[in-house]
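Reviewing the structure listed below.
The values are calculated or read from the model by the stated rules, or taken from the named source; none is laboratory data. On a predicted model such as this, the values are computed, not experimentally measured, just so you know. To get the accessible areas, we keep the full protein, side chains included, count just its heavy atoms, and leave off ligands, DNA and RNA. Shrake-Rupley method; radii C 1.70, N 1.55, O 1.52, S 1.80 Å.
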Amino acid sequence: MSNVCMNLSSDGNTWDFTKETITVGRSSTCDLCLSEPNISRAHAVFHYDNGSWYLKDLGSTNGTWINGNRLEPNKTVHLHEGARIDFGNAHQVVFHKGPSEVPVRELDFPETEVRPLPPSPPVPSTPSFPVNPPLPANNSQPADPPVPNGGFQAGNAIAPLYGQPSDPVRYDVPAPQVFVPLRCQRNFWKVFFLSLITFGIYGMVVYSHISREINTIASPYDGRRTMHFMLALLLICATFGVFGFIWMHKLCGRIRDELQRRGAPFAFGPKTFWLWGVLGSFIVAGTFIFGIRLMRSMNYLAADYNAKGY
């Protein structure tokens, strides 16, 4: 069994987790989904590192408490065995390392006198019958052959006997997820020249990837979704370009929030878009500066995501 294992218990319910990162929140994408209204969509995250478990509040509205002490937002705290964790004053769990175990209570029985049992009466013999009796000689249909595991065959259908045990079905084991690394080596000048050669098609592909990757990186924490660029492109055409400013403003806002959460050493956000992408377009060079900073920001987020796995 892997050493990466954690158990949470609450009011008779238990949850076992065997992955290094467990997200908690009201969003259906979280590993531990809590439906209480006081729980934020992306409330907190557990993380396993070097044999220890840590907990971080993701800036939730109603906070996270450990043994009655509220955590500072976006600050990682080491967890100890038996810690009582309260999410938003709405749901309390108890933290344990390792899988859940059913406690065994020792019962004290009084000493009793052991007496031999009386001899049992003889068991009458029972007649034996063949399991698959052959058909009469005047019937040309062959007898059904015996089927292993205690079943019987009727024609071409195989039916198990009533009460035959089967393999238990596990509903608490999540399906394995394949980690797909994100692109982190984008170059603005490559995107620019290939977009010119392909009449803008390559640029649309790059922005489609960016809209999908920001959801992969940020959605487990902020619970939001950025519209796919191809769908946004239809609305841009329908609104004579107005929706493009709205879409880019929201995209840059999510990139800014995620850069701050991951401790990036540089700044990027909606101000960068309006200053360089819009106003800077009057001096031509501003558009290039915005594109370079956008690619740099997405490369940083993708590299950090690939390194941490979340």
Accessible area per residue, 1.4 Å probe, Å², for region 185-310: what's the number?
-> 54
Between their Cα atoms, which of 97/308; 19/250; 19/190; 19/75; 56/190 are more than 30 Å away from each other?
-> 19/250; 19/190; 56/190
Give the Rg/Rh ratio for region 212-310, taking Rg as the radius of gyration of the Cα atoms and Rh as the Kirkwood radius, to two decimals.
-> 0.98
Expressed as a rounded percentage, what relative contact order does region 261-310 have, with Cα pairs under 8 Å and six or more residues apart?
-> 31
